[in-house]
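Only one structure is covered here, and it is reproduced in the block below.
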Amino acid sequence: MSAALSRFSLRAVLAAGLALGLGSCELIEFSPNDYRGPADQQDLTAKNLARLAKTPLPTDDTLRFVFSGDSQRFYDDVEDLVKSVNQQPGIQFMLVSGDIADFGLAREMRWIDDQLRQLKMPYLTVIGNHDHVANGREAYQEIFGPLNYSFTFGDTKFIMTDTNGREYNFNGQVPDMPWVNQQLADRTARRHVIVSHVPPQDEDFDPAVRDQYTAALRADPRLVFEMNGHRHDYGIGQPFNDGVTYVNSYAFEKRRYLIVTVWGDKQFRLKQVSF
Amino acid sequence: MRRALLTTWYKPHALLLALLALPLLAAAAPTDTDSVAVLNRRADRPTAPRRWYLPNHLTVQTGGGIGMLSIGTGLSLAHDRLDLDVLAGYVPRQHAGTTLSVVAAKAKYSPWKLPLAPRLALTPLSVGVYTSYTWGLRNPGKPGQYPDDYYWFSNTVRVGPVLGSGLSYVLPSTTAGHPHKLTAYYELATNDLYLISYAQNRRALSLPDIATLALGLKLTF
């Protein structure tokens, strides 16, 4: 081995090592469950809400948003979804009804954000059961934010709640009914929309909380509908025959999404878009 | 169910302790024989081949998916081209939500060694595989929590390929024994879950997206 080549190899290795080491701290990953990451991929819920607040919707204006869910391991599909949504006129924001990750890992959540941040409008998420796996709950809170939160946009209050009861081994406390009741009791907004991942008619919803949850929704005169993911396919209906409408989103892999338009007290239209 | 059995059978701390004790066993091993004879043999034949089944190095590493800090030991076989290591790692709570303990096994093959200077040598390429087991996850699944095959993957067991290089320095020896050697190495690795994600999304994901980096030091004795 010639000295020149050796010196070259040494320099190349040192340079590569330095570039990798200094380039990004999180490349030195302590565990797949390690959730350290760049600051611009932390507290995304708060950041997206701040972005949404910059384009407020005047009272009585029609609400229009994209509803999707279960991005999971469908990264190639996200690219196409973003392109399609960006071409739709008048979309105010996008909702993702949980299961951002597939294995509950922080990198997966960031891979989805890498793409969804290309949207022209902000997007908001609710936690899904796959986001709870391993230490996913902690990763979700670090990258997105609270497991239960609400925001008001125009005339509508969106109540985003964790309904992944099985991930808590059905401890009787999920969804957090005191919190949900408090949110539903708020009368400042004209209408309510509640968004969660697991629908109450699903076997992954804690059976001990099901009746309280559905009763609370039934009792809310402002509720337009309840929105879920988890089932990976579109569905709309009143499974409890109590006048409460439940809408389920397409998963990203279905290469379809919904454009939801809401006006008046509770009038709405759902448009299916293929991409 | 399998997961539940594993956590019940193996007491994590006992296993960690056992692994950490390996180098001590290795150090203690020569005292089993006549220590004078060992000394004599070393003095007569300083380059006598070590017994292949005894650990001949210690490693300390950060990253690579097996700990903020992991400490290991292992054997070198096939004329020091093949390293078989076990490592015990630790991830503090503030980086993962809970404190994690990781045990890993790693096999690494380094076909070439290039001398750069009298005491300095470069290992330009090492390829290998590792597997790890993690304790301390918040939600690894309790018995009966999920229907069978609800999640097809394991939260606790990871497997992945490793690729790296290293730079070795032969330490000035103070005794007539085997010269000690210090190696600084890096490894690029990934794991089964990242690999599946990449394989199914070649357009959206790239290899840097799924890569992890480990930096380590190895003391060969």
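The values are calculated or read from the model by the stated rules, or taken from the named source; none is laboratory data. None of these values were measured; they are calculated from a predicted model. When we count neighbours, we look across all protein chains shown, and the Cβ atoms used for this are built from the backbone with ideal geometry, even at glycine. Heads up: the accessible areas ignore ligands, DNA and RNA and are worked out on the full protein's heavy atoms, side chains in. Shrake-Rupley method; radii C 1.70, N 1.55, O 1.52, S 1.80 Å.
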Could you give me the residue pairs with C-beta distances under 8 Å whose first residue belongs to segment A:184-200 and is charged (D, E, K, R), whose second residue is surrounded by fewer than 20 Cβ atoms within 10 Å (Cβ to Cβ) wherever it lies, and which are 6+ apart or on separate chains?
A:Arg187/A:Arg222; A:Arg190/A:Thr156; A:Arg190/A:Arg222; A:Arg190/A:Asp265; A:Arg191/A:Thr156; A:Arg191/A:Arg222; A:Arg191/A:Asp265; A:Arg191/A:Lys266
Could you check segment B:138-160 and list, in sequence order, the residues that are open to solvent by less than 20 Å² (accessible area, probe 1.4 Å), assigned to a loop (DSSP other than H, G, I, E, B) and facing chain A (nearest Cβ under 7 Å)?
B:Gln145, B:Phe153, B:Asn155
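Among the residues of segment B:34-86 satisfying the criterion of being hydroxyl-bearing (Ser, Thr, Tyr) and surrounded by fewer than 14 Cβ atoms within 10 Å (Cβ to Cβ), which is modelled with the lowest pLDDT?
Start the filter on segment B:34-86 by keeping residues that are hydroxyl-bearing (Ser, Thr, Tyr), which leaves B:35, B:47, B:53, B:59, B:62, B:70, B:73, B:76.
Subsequent filtering for residues that are surrounded by fewer than 14 Cβ atoms within 10 Å (Cβ to Cβ) retains B:35, B:47, B:53.
Details: B:Ser35: 39, B:Thr47: 54, B:Tyr53: 87.
Step by step, filter segment B:34-86, then rank; the result is B:Ser35.
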Could you pull out the residue among B:Pro179, B:Pro147, B:Pro208 that is farther than 16 Å from A:Asp102 by Cβ and in contact with a strand residue (DSSP E or B) (Cβ under 7 Å, 6 or more places away or on another chain)?
B:Pro179
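Determine, yes or no, whether B:Thr99 is open to solvent by 20 Å² or more (accessible area, probe 1.4 Å), at pLDDT 95 or above, closer than 30 Å to A:Asp131 by Cβ and out of contact with any Lys or Arg (no Cβ under 7 Å at 6 or more places or on another chain).
Numbers: open to solvent by 20 Å² or more (accessible area, probe 1.4 Å): yes; at pLDDT 95 or above: yes; closer than 30 Å to A:Asp131 by Cβ: yes; out of contact with any Lys or Arg (no Cβ under 7 Å at 6 or more places or on another chain): no.
Here the answer is no, as B:Thr99 does not meet what is asked.
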List pairs: first residue in segment B:108-134 and in contact (Cβ under 8 Å) with a residue 60 or more places away in the chain, second residue part of a loop (DSSP other than H, G, I, E, B) and open to solvent by 30 Å² or more (accessible area, probe 1.4 Å) anywhere in the structure, Cβ distance under 6 angstrom, at least six positions apart or on different chains.
B:Thr123/B:Lys113
Quick check: is even one residue across segment B:166-175 outside any strand (DSSP E or B), touching a residue at least 12 places away in the same chain (Cβ under 8 Å) and open to solvent by less than 40 Å² (accessible area, probe 1.4 Å)?
no
Looking at segment A:149-183 only, could you name the residues that are crowded, with 20+ Cβ neighbours inside 10 Å and hydrophobic (A, V, I, L, M, F, W, C)?
A:Phe153, A:Phe158, A:Ile159, A:Met160, A:Val174, A:Val180
Return only the number of the condition from (1) under 30 Å from A:Ala134 (Cα atoms); (2) among the acidic types (Asp, Glu); (3) touching a residue at least 24 places away in the same chain (Cβ under 8 Å) that B:Asp83 does not satisfy.
(1)
Being in contact with a Leu (Cβ under 8 Å, 6 or more places away or on another chain) and either closer than 29 Å to B:Gly136 by Cβ or more than 12 Å from chain A (Cβ to nearest Cβ) (or both): is that true of B:Leu163 here?
yes
Mind checking which residues of segment B:183-207 are of a type outside the set (Gly, Ala, Ser) and either within 8 Å of chain A (Cβ to nearest Cβ) or more than 25 Å from the chain's Cα centre (by Cα) (or both)?
B:Tyr186, B:Leu188, B:Asn191, B:Leu193, B:Tyr194, B:Ile196, B:Gln200, B:Asn201, B:Arg202, B:Arg203, B:Leu205
Please go through segment A:97-147 and give me each residue that is more than 10 Å from chain B (Cβ to nearest Cβ) and basic (Lys, Arg), ordered by number.
A:Arg117, A:Lys120
Looking only at residues in segment B:128-137 that are more than 10 Å from chain A (Cβ to nearest Cβ) and crowded, with 20+ Cβ neighbours inside 10 Å, which one is farthest from B:Leu213 (Cα to Cα)?
B:Trp135
